Amino acid sequence: MKKQAITMALLLAGTTVLAHSGVKDPDVMNRMMGMSEMARQVKLLGSMAKGETAFDAAAGNKALEKISEEASDIPSLFETRATDPNSEALPVIWETFDRFTGHAQELERVSGALAGTLEARADLAPAMKQVGRACGACHSNFRE
């Protein structure tokens, strides 16, 4: 289960980078940049969880803070119904915007509540599971 949470979080992080090439709409690009920043933070947490980099409680807690901060921006980044052929955002976002923003608020809440709680490498897997679940809930419904 621990491996699944880490793998899911890293997969979510890795796919956003490929989506940026060729994006012309500035609103879509801003959204992608915000999502990519969250992906970088998830990747950092995953790298520490897997032992690829040394555990650093301060960096891990800061990553969770950054995820929470970026998540708080999601509703405003999607207010404009901007599209681009390279965007992975589904039209259902704007059809059920309250539900969509609820997922963003949940990610903000979860990651914000976890920020400051990482004290040891063992704390990473449960934290990543919660963050991954919050990210996945939105991605499974609102992203290609």
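The values are calculated or read from the model by the stated rules, or taken from the named source; none is laboratory data. Predicted, not measured: the structure shown is a model, and the values here were computed from it. Don't worry about glycine lacking a Cβ; one is built from the backbone with ideal geometry, like all the others, and counts go over all protein chains shown.
Laid out as a table, the results:
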item: Only listed residue being in contact with a Leu (Cβ under 9 Å, 6 or more places away or on another chain), modelled with pLDDT of 95 or more and more than 28 Å from Val23 (Cβ to Cβ), chosen from Leu64, Leu118; result: Leu118
item: Some residue of segment 122-137 being closer than 26 Å to Val28 by Cα, charged (D, E, K, R) and part of a helix (DSSP H, G or I); result: yes
item: In segment 94-144, the residues that are farther than 17 Å from Val42 by Cα and β-branched (Val, Ile, Thr); result: Thr96, Thr101
item: Residue within segment 99-111 that is in a helix (DSSP H, G or I), at pLDDT 90 or above, closer than 21 Å to Ala122 by Cα and touching a Leu at 6+ places or on another chain (Cβ under 8 Å) present; result: yes
item: Counted residues, segment 97-144 - those being acidic (Asp, Glu), closer than 15 Å to Ile74 by Cα and surrounded by 15 or more Cβ atoms within 10 Å (Cβ to Cβ); result: 2
item: Qualifying positions in segment 63-78 - assigned to a helix (DSSP H, G or I) and more than 13 Å from Ala127 (Cβ to Cβ); result: Lys66, Glu69, Glu70, Ala71, Ser72, Asp73, Ile74, Pro75, Ser76, Leu77
item: Odd one out for Met35, checked against (1) in contact (Cβ under 8 Å) with a residue 40 or more places away in the chain; (2) within 12 Å of the chain's Cα centre (by Cα); result: (1)
item: Among residues of segment 19-62, those that are β-branched (Val, Ile, Thr) and under 14 Å from Ala127 (Cβ atoms), counted; result: 1
